[in-house]
């Protein structure tokens, strides 16, 4: 059996290969080639935490994956990381447990960043440069890194907003240290009005981004609403969008960013689409430069399958060399 620690996984991962694998997995899911049972979810409201169990299989793959991921959002105040978790890879031929990836949440953070970058590249205007990052946690950093990796030819200007200006400055300083142009804003409304791309990365349970703040042509990638009760966008903004794309229509309408507007009858399943169909060329993403586009990413098991398989393939190649 293969057992890999976080440090070993980080040494093996290649962002370009992982990006391609996650994108191919989205396409497979939207084409009906993936089995993904409903997400199992545990809430720990007294500790501002939650745990997701996601599992699935892509037709033809030799491996299926079970992922356990926890997010406890108060952990940084006691010197612990927000994310933790593990991935288990089983043979799809025999059911034998083949690998344990002790990634401590790293692979979930990375595949979420890659998913956001894939969605943003697919839906933003080609001339978009001003990017607002809402949130200051590890996912804010991964969204920036992965978008730069996905669109290396574009000179983005990133601006960070968070409830804590100290944490926003810390996030910007980390990114600046990596050679990324990142600044801080204390005015969320002004930041949203000026932005061409908005990426939300918070565990908020009430809308942060108001409909009136968003200009025509803006693209929004919403990451945070991955469990019941979470919401980052004004439901009126979701209803107003010219294009609504999600990673999983079933999940998004049940507990994602689109669910509030869906339950109110303001949007329907028929006027939403899936990311895999967009990047696979089956569905149009942005139809007009003036459209407001929203990508709602709740996180899907095929991302975990893709990222785990990319690590295991890299490990096997390293052993063969």
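The values are calculated or read from the model by the stated rules, or taken from the named source; none is laboratory data. Bear in mind that the values here come from a model prediction, so they are computed numbers and not experimental data. Don't worry about glycine lacking a Cβ; one is built from the backbone with ideal geometry, like all the others, and counts go over all protein chains shown.
Residue-wise test of (1) closer than 16 Å to residue 112 by Cα; (2) free of Cβ contacts under 8 Å to residues at least 12 places away in the same chain.
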{"position": "37", "(1), (2)": "no, no"}
{"position": "46", "(1), (2)": "no, yes"}
{"position": "49", "(1), (2)": "no, no"}
{"position": "55", "(1), (2)": "yes, no"}
{"position": "70", "(1), (2)": "yes, no"}
{"position": "74", "(1), (2)": "no, no"}
{"position": "78", "(1), (2)": "no, yes"}
{"position": "82", "(1), (2)": "yes, no"}
{"position": "95", "(1), (2)": "no, yes"}
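In the range 218-258, which residues are more than 16 Å from the chain's Cα centre (by Cα), farther than 20 Å from residue 283 by Cα and modelled with pLDDT under 95?
Taking the range 218-258 as the starting set, the residues that turn out to be more than 16 Å from the chain's Cα centre (by Cα) are 218, 228-229, 234-243, 250, 253-254.
Among the residues that remain, those that are also farther than 20 Å from residue 283 by Cα are: 228-229, 234-237, 254.
The answer is 228, 229, 254.
For residue 229, indicate whether it is crowded, with 24+ Cβ neighbours inside 10 Å, in a loop (DSSP other than H, G, I, E, B), touching a residue at least 24 places away in the same chain (Cβ under 8 Å) and in the same structural domain as residue 266 (by TED's automatic domain parsing).
On the way: crowded, with 24+ Cβ neighbours inside 10 Å: no; in a loop (DSSP other than H, G, I, E, B): yes; touching a residue at least 24 places away in the same chain (Cβ under 8 Å): yes; in the same structural domain as residue 266 (by TED's automatic domain parsing): yes.
For residue 229, the condition - crowded, with 24+ Cβ neighbours inside 10 Å, in a loop (DSSP other than H, G, I, E, B), touching a residue at least 24 places away in the same chain (Cβ under 8 Å) and in the same structural domain as residue 266 (by TED's automatic domain parsing) - is not met.
Kindly indicate whether residue 211 is closer than 21 Å to residue 125 by Cα and at pLDDT 95 or above.
Considered against the rule, which asks whether it is closer than 21 Å to residue 125 by Cα and at pLDDT 95 or above, residue 211 comes out as yes.
Would you call residue 194 in the same structural domain as residue 25 (by TED's automatic domain parsing) and either surrounded by 24 or more Cβ atoms within 10 Å (Cβ to Cβ) or at pLDDT 95 or above (or both)?
Details: in the same structural domain as residue 25 (by TED's automatic domain parsing): no; either surrounded by 24 or more Cβ atoms within 10 Å (Cβ to Cβ) or at pLDDT 95 or above (or both): yes.
Taking the combined requirement at face value, the residue does not satisfy it.
Of everything in the range 1-17 that's modelled with pLDDT under 95 and assigned to a helix (DSSP H, G or I), which residue is nearest to the chain's Cα centre (by Cα)?
Applying the filter and picking the extreme gives 15.
Residues of the range 119-131 being assigned to a strand (DSSP E or B) and surrounded by fewer than 24 Cβ atoms within 10 Å (Cβ to Cβ), which ones?
First, the residues of the range 119-131 that are assigned to a strand (DSSP E or B): 130-131.
130 - this is the single residue of the range 119-131 that is assigned to a strand (DSSP E or B) and surrounded by fewer than 24 Cβ atoms within 10 Å (Cβ to Cβ).
Tell me which of these residue 285 doesn't satisfy, since it passes every other one: (1) under 22 Å from residue 214 (Cα atoms); (2) at pLDDT below 95; (3) over 18 Å from the mean Cα position of the chain (by Cα).
Evaluating residue 285 over (1) under 22 Å from residue 214 (Cα atoms); (2) at pLDDT below 95; (3) over 18 Å from the mean Cα position of the chain (by Cα) leaves (3) as the failure.
Condition test on residue 148, is it surrounded by fewer than 15 Cβ atoms within 10 Å (Cβ to Cβ) and either over 20 Å from residue 291 (Cβ atoms) or touching a helix residue (DSSP H, G or I) at 6+ places or on another chain (Cβ under 7 Å) (or both)?
Working: surrounded by fewer than 15 Cβ atoms within 10 Å (Cβ to Cβ): no; either over 20 Å from residue 291 (Cβ atoms) or touching a helix residue (DSSP H, G or I) at 6+ places or on another chain (Cβ under 7 Å) (or both): yes.
Here the answer is no, as residue 148 does not meet what is asked.
Got a sec? Which of 245, 294, 220 is crowded, with 24+ Cβ neighbours inside 10 Å, out of contact with any helix residue (DSSP H, G or I) (no Cβ under 7 Å at 6 or more places or on another chain), more than 24 Å from residue 66 (Cα to Cα) and touching a residue at least 40 places away in the same chain (Cβ under 8 Å)? Can you show your working first?
Details: 245 fails: out of contact with any helix residue (DSSP H, G or I) (no Cβ under 7 Å at 6 or more places or on another chain); 294 fails: out of contact with any helix residue (DSSP H, G or I) (no Cβ under 7 Å at 6 or more places or on another chain).
The conditions single out 220.
Kindly indicate whether residue 307 is buried (at least 24 other Cβ atoms within 10 Å of the Cβ) and not assigned by TED's automatic domain parsing to the domain that holds residue 43.
On the way: buried (at least 24 other Cβ atoms within 10 Å of the Cβ): yes; not assigned by TED's automatic domain parsing to the domain that holds residue 43: no.
When the stated conditions are applied, residue 307 does not pass them.
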